[in-house]
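Colleague: Can you keep this structure in mind? I'll have questions shortly.
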Amino acid sequence: MSNASTSTPISSYPVPDLDSLPADILERILAVQEKAKFIPNVFLALAYRPAEFRAFFAYYDAVMEREDSTLSPAEKEMIIVATSAANGCQYCVIAHGALLRVFAKEPLLADQIAINYLHAPISPKQKAMLAFSVKLCRTPELVQETDYAALREHGYDEEDILDIAGITAFFGLSNRMAIVMSMQSNAEFYTMARTPRE
């Protein structure tokens, strides 16, 4: 089980052995390992509570892989990186920063968005998306009709707004669980897609 610091446990809670896991959870983990060539630590850490693992990844699939969503994979990762940075979640910034680099094919973009999306080289429409996401993430009680209007002015419709909200809300949960469990990022995430492909 690799993580950024090999002396640091990947979670402050017990991490079950793979051979002790229910068949459906093991199947999902092995499928991810086959695709990524390593097991992201979030899968191992959340397997501590199988029922919550299933619920977590079912909702992840629902918001991240919704068939009719018009948000690109890179834009979804932008939301995750910006809001995870706002929430101070190291695991999600590092892991989803890696995925953003992969999807956007831009090795600098994830760091730029994590630090200050307003200064990142993204479109005004994407900045409007992130402005809404970060506001919903940090001060949801202040979200009002003008915020929805700003999204509509940039071409987002009601389904897009629900997609943006769902991703923001779900990763608010993910951030808080990762923080409470002291979840550590895999070493692989730090270097993934850092060098542009020739």
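The values are calculated or read from the model by the stated rules, or taken from the named source; none is laboratory data. Computed from a predicted model, the values in this text were never measured in an experiment. No Cβ is skipped: glycine too gets one built from the backbone with ideal geometry, and neighbour counts run over all protein chains shown. Surface accessibility is based on the protein's heavy atoms, side chains included, excluding ligands, DNA and RNA. Shrake-Rupley method; radii C 1.70, N 1.55, O 1.52, S 1.80 Å.
Colleague: Can you say whether Ser11 is touching a residue at least 12 places away in the same chain (Cβ under 8 Å), small (Gly, Ala, Ser) and surrounded by 15 or more Cβ atoms within 10 Å (Cβ to Cβ), as far as the supplied structure shows? Even if it seems obvious, please write down each step before you answer.
Modeller: Values: touching a residue at least 12 places away in the same chain (Cβ under 8 Å): yes; small (Gly, Ala, Ser): yes; surrounded by 15 or more Cβ atoms within 10 Å (Cβ to Cβ): yes.
The answer is yes for Ser11.
Colleague: On the basis of being open to solvent by 30 Å² or more (accessible area, probe 1.4 Å), under 13 Å from the mean Cα position of the chain (by Cα), more than 16 Å from Tyr190 (Cβ to Cβ) and modelled with pLDDT of 95 or more, does Glu52 make the cut? Show your work before the answer.
Modeller: On the way: open to solvent by 30 Å² or more (accessible area, probe 1.4 Å): yes; under 13 Å from the mean Cα position of the chain (by Cα): no; more than 16 Å from Tyr190 (Cβ to Cβ): yes; modelled with pLDDT of 95 or more: yes.
Criteria not met by Glu52.
Colleague: Of the residues in the stretch 100-110, how many are open to solvent by 20 Å² or more (accessible area, probe 1.4 Å), in a helix (DSSP H, G or I) and in contact (Cβ under 8 Å) with a residue 40 or more places away in the chain? I'd like the intermediate steps shown before the answer.
Modeller: Taking the stretch 100-110 first, the residues open to solvent by 20 Å² or more (accessible area, probe 1.4 Å) are 102-108.
Applying the additional criterion that residues be in a helix (DSSP H, G or I) yields 102-104.
Next cut, in contact (Cβ under 8 Å) with a residue 40 or more places away in the chain only: 102.
Residues that pass the stated criteria total 1.
Colleague: Which of the residues spanning the stretch 71-86 are touching a helix residue (DSSP H, G or I) at 6+ places or on another chain (Cβ under 6 Å) and open to solvent by 30 Å² or more (accessible area, probe 1.4 Å)?
Modeller: Pro73, Ala85, Ala86
Colleague: Collect the residues in the stretch 32-82 that are in contact with a Ser or Thr (Cβ under 8 Å, 6 or more places away or on another chain), in a loop (DSSP other than H, G, I, E, B) and either farther than 16 Å from Ala98 by Cα or charged (D, E, K, R) (or both), keeping them in residue-number order.
Modeller: If the condition is that a residue be in contact with a Ser or Thr (Cβ under 8 Å, 6 or more places away or on another chain), in a loop (DSSP other than H, G, I, E, B) and either farther than 16 Å from Ala98 by Cα or charged (D, E, K, R) (or both), then Tyr48 is the only one that fits.
Colleague: Within the stretch 161-171, can you find the residues that are more than 15 Å from Glu65 (Cβ to Cβ) and open to solvent by less than 10 Å² (accessible area, probe 1.4 Å)?
Modeller: Of everything in the stretch 161-171, those that are more than 15 Å from Glu65 (Cβ to Cβ) and open to solvent by less than 10 Å² (accessible area, probe 1.4 Å) turn out to be Ile164, Thr168.
Colleague: From the list Ala4, Ala45, exactly one residue is surrounded by 15 or more Cβ atoms within 10 Å (Cβ to Cβ) and at pLDDT below 95. Which is it?
Modeller: Numbers: Ala45 fails: at pLDDT below 95.
Among Ala4, Ala45, only Ala4 is surrounded by 15 or more Cβ atoms within 10 Å (Cβ to Cβ) and at pLDDT below 95.
Colleague: Same structure, new question: Out of (1) touching a residue at least 24 places away in the same chain (Cβ under 8 Å); (2) surrounded by 21 or more Cβ atoms within 10 Å (Cβ to Cβ), the odd one out for Val93 is which?
Modeller: Only one criterion is unmet by Val93, namely (1).
Colleague: So, one more: Condition first: buried (at least 16 other Cβ atoms within 10 Å of the Cβ), within 17 Å of the chain's Cα centre (by Cα) and not small (Gly, Ala, Ser). Now tell me which residues in the stretch 113-131 satisfy that.
Modeller: Ile113, Tyr117, Gln126, Met129, Leu130, listed by residue number.
Colleague: Select from the stretch 49-72 the residues that are touching a residue at least 40 places away in the same chain (Cβ under 8 Å) and not small (Gly, Ala, Ser) and list them in ascending order. Walk me through it before giving the result.
Modeller: Going residue by residue through the stretch 49-72, those that are touching a residue at least 40 places away in the same chain (Cβ under 8 Å) are 56, 59-60, 62-64, 66, 68-71.
Hits for the stretch 49-72 are Phe56, Tyr59, Tyr60, Val63, Met64, Arg66, Asp68, Thr70, Leu71.
Colleague: So if I check each of Glu198, Glu159, Glu153, Glu188, which one is more than 19 Å from Glu77 (Cα to Cα) and modelled with pLDDT of 95 or more?
Modeller: Working: Glu198 fails: modelled with pLDDT of 95 or more; Glu159 fails: more than 19 Å from Glu77 (Cα to Cα); Glu188 fails: more than 19 Å from Glu77 (Cα to Cα).
Just a single option satisfies the conditions, and that option is Glu153.
Residues are listed down the side, and each one gets a yes or a no for (1) open to solvent by 80 Å² or more (accessible area, probe 1.4 Å); (2) within 29 Å of Arg49 (Cα to Cα); (3) touching a helix residue (DSSP H, G or I) at 6+ places or on another chain (Cβ under 6 Å); (4) in a loop (DSSP other than H, G, I, E, B):
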site	(1), (2), (3), (4)
Met177	no, yes, no, no
Met183	no, yes, yes, yes
Tyr190	yes, yes, no, no
Thr195	yes, no, no, yes
